[in-house]
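S.K.: Provided herewith is a single structure, encoded as structure tokens, for subsequent inquiry.
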Amino acid sequence: MEPIIRTYNLSKQYGTHLAVKNLNLNVNRGDIYGFLGRNGAGKSTTIRLILSLIKPTSGYVELFNEKPGIQSFARIGSLVETPGAYPNLSIKENLEIQRQLLGINSPIAVTETLDLVNLTKDEDKKASTLSTGTLQRLGLARALLHKPEILILDEPTNGLDPAGIKEIRLLLKRLSEDRKITIFMSSHILAEIQQLATRIGIIHRGELLEEIDYEELKRKNRTYLEFKVSNPVRTTWILEEKLQIKDYSVHEENTIRIYSHLENSSTINRILVTENIDVSSIFLNEDNLEDHFLKLTSEVKNHA
Amino acid sequence: MLRAIQVELKKLKKAPMIWISFLGVSISPILNALIFYYLKQLFKDSITWEAFLIQSISFIAVFIGILLFSLTATYVFGREYTENTIKTLFTIPLSRESIIIAKLVILLLWSLTLVLFAFLITIPMGFIIRASDLSLTLMINSLIQYLIVGLMLYALLPIVSLVTMLTRGYIPAMALAGIMTMIGLILLNSDFSIYFPWSIPGIYTIQLTQGEYLPSSSYMIMAGTFLISSIANLTYVRLADIDK
Ligand SMILES: Nc1ncnc2c1ncn2[C@@H]1O[C@H](COP(=O)(O)OP(=O)(O)OP(=O)(O)O)[C@@H](O)[C@H]1O
Ligand SMILES: [Mg+2]
């Protein structure tokens with residue numbers, strides 16, 4: 001795993017308000033990193049810090065394993081909050097401007113990218129006449145124009161309708177698979193991240209609460225039966241040999257989680273007891289990711 | 001750098017501000033011609049080309065120039081904020097400084113084009129009202145004077161661009177230009193006018209009509225104003241947080 005974006009105790013203070021606190025992000029090459037947080041959590045601030053648009057109060061950022069400089073921008077495409085465009089120019093002309101600024105000689109880059117984001121038929125429309133969704137697409141096109149290695153997107157589906165959201169999702173998936181682009185995207189909608197991300201970071205009130213591979217998060221948040229037992233080693237033996245249960249995990253404080261046979265909790269309990277295992281508690285966990293997210297972000301709120 | 005300058009030119013395509021500025025700068029020669037025409041009717045005097053040409057640019061230097069040129073500057077800089085493009089502009093492999101320099105170069109070209117345009121439409125007006133004593137040297141000298149006024153008005157623009165960037169909008173910068181025009185006008189009758197950057201372009205043309213010339217200190221003040229404010233622009237963008 002090659003780290004591609006890393007932040008080290010990154011903080012940004014506005015007045016007395018810490019918008020981002022000691023953030024340590026790790027994004028690896030190939031990740032689709034979902035940066036999840038409620039409104040005002042510090043997502044856009046973090047993205048601006050990563051892009052050197054604002055300067056950190058403390059801490060620092062590394063891109064491609066080095067200190068970022070303007071040359072890093074040749075390898076990064078980004079879309080930060082409301083996308084802008086020159087209203088007097090057409091979609092195509094706006095992209096032409098970007099092409100020249102990036103020093104790309106071939107004009108084909110523009111037509112290819114227009115095609116990629118499905119804007120070819122609208123290429124001559126003036127930017128002043130565009131809907132939010134189309135502007136968002138133009139912003140995405142601008143970010144993709146130079147075939148970047150990293151795509152940094154701040155709430156990329158803002159203003160899009162459900163069909164548009166799906167289209168962007170499929171596009172991002174394709175970019176990740178075909179071009180092996182690393183995608184760092186923020187969102188406040190879990191469902192959106194869930195359908196795409198391979199790794200998730202949850203930010204709340206400027207703090208990174210959790211950073212985890214999506215598969216692991218799913219595993220952690222599966223429905224399971226949790227037994228608290230006197231002898232976990234023997235219990236696992238019983239589970240495997242007597243009950244043919246293989247899908248379980250052992251945790252601290254003598255707890256064992258079972259992910260299958262959930263409906264048979266009383267049978268499992270009875271057999272454990274007959275095998276001289278003390279079961280001090282049984283508990284069915286039915287958290288889903290939504291609950292997990294809400295729990296994480298509200299627990300901290302109560303402490304604050 | 002060249003790239004950035006070309007791009008700045010492209011961005012102005014079909015921009016309404018282009019037409020506004022050219023329209024604005026032509027008001028003065030047209031008004032000037034009308035006044036001279038009226039005077040000619042009144043006094044049956046013949047009008048010299050020399051007086052006519054200087055008067056035409058003098059209107060610009062004294063009254064509308066600062067506001068009009070400031071409008072172009074605040075447009076070139078302010079649009080990146082109002083059109084939400086600044087974050088795109090500052091996430092490309094070009095330094096922020098070079099982007100600002102490109103904008104200042106474009107403003108220089110724009111400023112010189114505007115005075116050149118004023119010169120070009122003053123000429124036919126002069127023929128229409130039948131001004132007298134035309135010579136090639138006069139034309140060349142006058143053209144140089146127009147360009148000097150253009151440069152002087154341009155030298156005031158980095159202050160406008162700095163205020164535009166600091167406030168991320170047009171209004172404070174234009175208010176500043178308005179106030180400075182007023183102060184410049186008030187000072188025009190004082191000895192201090194040759195030292196105040198916003199009255200120097202005006203007093204330069206007024207003195208020309210009287211066959212006088214500015215002291216070199218005035219030129220140095222203009223150059224100093226330009227240099228210091230340009231450096232302030234570059235320092236600002238290097239340090240600025242782009243959090244909008
Ligand atoms: N320029 C600024 N000056 C002062 N406070 C700011 C500034 N920018 C952001 N903040 C504050 O920092 C916090 C984080 O803002 P940020 O925009 O990063 O949140 P976000 O997660 O992107 O939210 P949203 O989902 O609404 O886009 C907020 O409380 C916000 O008010
Ligand atoms: Mg945001």
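S.K.: What angle do you read, to the nearest 10 degrees and between 0 and 90, between the alpha-carbon axis of helix A:132-144 and the longest principal axis of chain A?
M.R.: Value to nearest ten degrees: 90.
S.K.: Moving on. Just order A:86-95, A:246-255 by mean Cβ neighbour count inside 10 Å, highest at the front, would you?
M.R.: Numbers: A:86-95: 22.2, A:246-255: 12.5.
Averaged packing, sorted descending, gives the order A:86-95, A:246-255.
S.K.: Related question: For residue A:207, which sequence-distant residues (separation of 5 or more, or a different chain) have an amide H within less than 5 Å of its own amide H, given hydrogens modelled in the peptide plane?
M.R.: Counting only residues 5 or more places away or on other chains, the set is A:21.
S.K.: Further question: Rounded to the nearest 10 degrees, what's the angle between the helix B:216-239 long axis and the longest principal axis of chain B, both from Cα atoms, 0 to 90?
M.R.: The answer is roughly 20 degrees.
S.K.: Do any trypsin sites (Lys or Arg not before Pro) in segment B:85-158 lie in a DSSP loop with no more than 14 other beta carbon atoms within 10 Å, and if so, which? Mind dumping the intermediate values first?
M.R.: Values: sites: B:87, B:96, B:103, B:130; in loops: B:130.
Qualifying residues, ordered by number: B:130.
S.K.: Work out the charge dipole of chain A with +1 on the Cβ of Lys and Arg and -1 on the Cβ of Asp and Glu about the Cα centre, then indicate which of A:101, A:294, A:266 is farthest towards its positive end.
M.R.: A:101
S.K.: Here's a follow-up. Can you pull out the buried accessible area for chains B and A, both sides counted, probe 1.4 Å, rounded to the nearest 100 Å²?
M.R.: Working: alone 12120 and 15390 Å², together 24760 Å².
Using a 1.4 Å probe, the pair buries roughly 2800 Å².
S.K.: I would also like to ask the following. Could you work out, residue by residue across A:43-50, how many beta carbons of other chains sit within 10 Å of that residue's beta carbon, and then give the average as an integer?
M.R.: Across A:43-50, the average partner-chain Cβ count within 10 Å equals 1.
S.K.: Binned at 10 Å from 0, what are the whole-percent values of the Cα-Cα distance distribution for segment B:15-239, short to long?
M.R.: Result, from short to long distances: 8, 32, 33, 18, 7, 2, 0 percent.
S.K.: Continuing with this model, one more query. Which value at 222 nm does chain B reach when only helices count, each DSSP H run of 4 or more adding -39,500 (n - 2.57), with the total divided by all residues and rounded to the nearest 500 deg cm²/dmol? Before the final figure, lay out the partial values.
M.R.: Working: 11 runs with 186 residues, N = 244.
My calculation for chain B gives -25500 deg cm²/dmol from helical runs alone.
S.K.: Take peptide A:100-108, look around each residue's Cβ out to 10 angstrom, count Cβ atoms belonging to other protein chains, and average those counts. Walk me through the intermediate numbers first.
M.R.: Details: counts 6, 11, 4, 4, 0, 0, 0, 0, 0.
Per residue, the average neighbour count from other chains is 3.
S.K.: Specify the angular offset, from 0 to 90 degrees and rounded to the nearest 10, of the alpha carbon long axis of helix B:200-209 from the longest principal axis of the alpha carbons in chain B.
M.R.: That works out to roughly 20 degrees.
S.K.: If you don't mind, there's one more thing I want to ask. Considering only protein heavy atoms and a probe of 1.4 Å, how much of the accessible area of segment B:15-239 is carbon and sulfur, as a whole percent?
M.R.: Values: 7300 of 9740 Å².
That fraction is 75 percent.
S.K.: Calculate one ³J(HN,Hα) per residue across segment A:154-166 by plugging θ = phi - 60° into the Karplus curve 6.51 cos²θ - 1.76 cosθ + 1.60, and present them in order as whole Hz with x for glycine and proline.
M.R.: Coupling constants for segment A:154-166: 9, 6, x, 9, 3, x, 8, 7, x, 5, x, 4, 5 Hz.
S.K.: When we measure straight from the Cα of residue B:244, which lysines land under 23 angstrom away, once same-chain ones fewer than 8 places off are left out?
M.R.: In chain and number order, the partners are A:12, A:21, A:43, A:55, B:11, B:87, B:103.
S.K.: Through the Karplus equation 6.51 cos²θ - 1.76 cosθ + 1.60, θ set to phi - 60°, convert the phi angles of segment B:123-132 into ³J(HN,Hα) values in whole Hz; use x for Gly and Pro.
M.R.: 4, x, 4, x, 5, 4, 8, 6, 5, 10
S.K.: Ratio of segment A:3-213's C-alpha Rg to 2.2 N^0.38 Å, to two decimals? Before the final figure, lay out the partial values.
M.R.: On the way: Rg = 16.7 Å, N = 211, 2.2 N^0.38 = 16.8 Å.
Ratio of Cα Rg to 2.2 N^0.38 Å: 0.99.
S.K.: How long are the semi-axes of the equivalent ellipsoid of segment A:6-125, defined as square roots of 5 times the Cα gyration tensor eigenvalues? Whole Å, largest first.
M.R.: On the way: eigenvalues 199, 57, 39 Å².
Gyration-tensor ellipsoid for segment A:6-125: 32, 17, 14 Å.
S.K.: While we're looking at this one, here's another question. To one decimal place, what Kirkwood hydrodynamic radius in Å is obtained for the protein assembly as shown from all pairs of distinct Cα atoms?
M.R.: 27.9 Å
S.K.: Also, quick follow-up: Per residue of segment B:30-37, in order, report the coupling 6.51 cos²θ - 1.76 cosθ + 1.60 (Karplus, θ = phi - 60°) as ³J(HN,Hα) in whole Hz, putting x for Gly and Pro.
M.R.: Using θ = phi - 60°, the values come out as 5, 4, 4, 5, 4, 4, 4, 4 Hz.
S.K.: Determine the share of segment A:222-286's accessible area contributed by carbon and sulfur atoms, expressed in whole percent, with a 1.4 angstrom probe.
M.R.: Numbers: 1740 of 3820 Å².
Roughly 45 percent, rounded to a whole number.
S.K.: What is the average number of partner chain Cβ atoms found within 10 Å of a Cβ in B:90-102?
M.R.: Numbers: counts 5, 16, 11, 12, 5, 2, 2, 0, 1, 1, 0, 0, 0.
If you average over the peptide's residues, the count of other-chain Cβ atoms is 4.
S.K.: Which FRET efficiency, nearest 0.05, do residue B:41 and residue B:109 yield, Cβ-Cβ r, R0 45 Å? Spell out each step's value before the answer.
M.R.: On the way: r = 39 Å, r/R0 = 0.87.
After rounding to 0.05, the efficiency reads 0.70.
S.K.: Could you give the accessible area per residue of chain A, probe 1.4 Å, as a whole number in Å²? Mind dumping the intermediate values first?
M.R.: Details: 13990 Å² over 304 residues.
That works out to 46 Å² per residue.
S.K.: Please give the peptides A:50-58, A:114-122 ranked by average Cβ packing (other Cβ atoms within 10 Å per residue), highest first, as a rough proxy for protection. Present the calculation step by step, with values, prior to reporting the outcome.
M.R.: Working: A:50-58: 19.2, A:114-122: 16.0.
Order by mean packing, descending: A:50-58, A:114-122.
S.K.: In Å², what does the accessible area per residue of segment B:15-239 work out to with a 1.4 Å probe?
M.R.: Working: 9740 Å² over 225 residues.
Per residue, segment B:15-239 has an accessible area of 43 Å².
S.K.: Where the eigenvalues come from the Cα gyration tensor of segment B:145-244, what are the semi-axes √(5λ) of the equivalent ellipsoid, largest first, in whole Å?
M.R.: On the way: eigenvalues 163, 42, 20 Å².
Equivalent ellipsoid semi-axes, largest first: 29, 14, 10 Å.
S.K.: Can I get the semi-axes of segment A:222-286's equivalent ellipsoid? Compute them from the C-alpha gyration tensor as square roots of 5 times the eigenvalues, in angstrom, largest first. Each step should come with its number before you reach the end.
M.R.: On the way: eigenvalues 45, 33, 26 Å².
One finds semi-axes of 15, 13, 11 Å for segment A:222-286.
The values are calculated or read from the model by the stated rules, or taken from the named source; none is laboratory data. Keep in mind that what you see is a predicted model, and the values were worked out from it rather than measured. A quick note on method: Cβ atoms are made from the backbone with ideal geometry, for glycine too, and the neighbour counts reach across all protein chains shown. Remember, those area values only see protein heavy atoms, side chains included, never the ligands or the DNA or RNA. Shrake-Rupley method; radii C 1.70, N 1.55, O 1.52, S 1.80 Å.
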